1. Whole number in Å², please: accessible area per residue of the chain, 1.4 Å probe, ligands, DNA and RNA not counted.
2. Determine the dipole magnitude for the chain: charges of +1 sit on the beta-carbon of Lys and Arg, -1 on that of Asp and Glu, nothing else is charged, the reference point is the Cα centre, and the result goes in debye to the nearest 20.
3. Shape of region 1-71 from its Cα gyration tensor (a ≥ b ≥ c, root eigenvalues): rounded if a/c is under 1.5, otherwise prolate when a/b > b/c, or oblate?
4. Using only the alpha-carbon atoms, how far is helix 49-58 inclined from the longest principal axis of the chain? Give it as 0 to 90 degrees, nearest 10.
5. Take residue 18 and residue 58, extend 7 Å from each Cα along the Cα→Cβ direction, and tell me the distance between the two endpoints in nm.
6. Quantify, in whole percent, the carbon and sulfur part of the accessible surface of the chain (1.4 Å probe; protein heavy atoms only).
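The values are calculated or read from the model by the stated rules, or taken from the named source; none is laboratory data. Note that the structure is a prediction, hence the values are computed from the model and not measured. Heads up, the Cβs are rebuilt from the backbone with ideal geometry, glycines too, and the neighbour counts pull from every protein chain shown. Heavy atoms of the whole protein, side chains included, go into the accessibility calculation; ligands, DNA and RNA do not. Shrake-Rupley method; radii C 1.70, N 1.55, O 1.52, S 1.80 Å.
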Amino acid sequence: MLGFELLYHADEAGWSELTTMTEGVTLGLGEEADPTPGNAVPVFGIADIDVGRNALEAAGVRFDGETMVDDGMAATAMFYDPDGNAMMLAQDLTSQG
């Protein structure tokens, strides 16, 4: 099998996830109302977003606002590397009851 396969799609959130040929790596695609060059944001899945965020903040990493929770689906936190490139932590909340 070559390419990607749809893992998840949510019209209301403008979000899709695709599997890759690398175990544990998915590709997420988000809909943007006003796309501009450089909109690609690497997202790192994490088991506990609070622990990850606290560790990065303790190392001096700058975050863009508070951690956001999307209706029990995911918790996300945007942060920046030393060059100002945006990155994101994301915790899947769908399996938590």
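1. Numbers: 7160 Å² over 97 residues.
Result: 74 Å² per residue.
2. 300
3. Judged from the Cα gyration tensor, region 1-71 comes out prolate (a/c at least 1.5, a/b above b/c).
4. Result, in degrees: 40.
5. So the two model labels end up 3.8 nm from each other.
6. On the way: 3930 of 7160 Å².
On the chain, the fraction of accessible area on carbon and sulfur atoms equals 55 percent.
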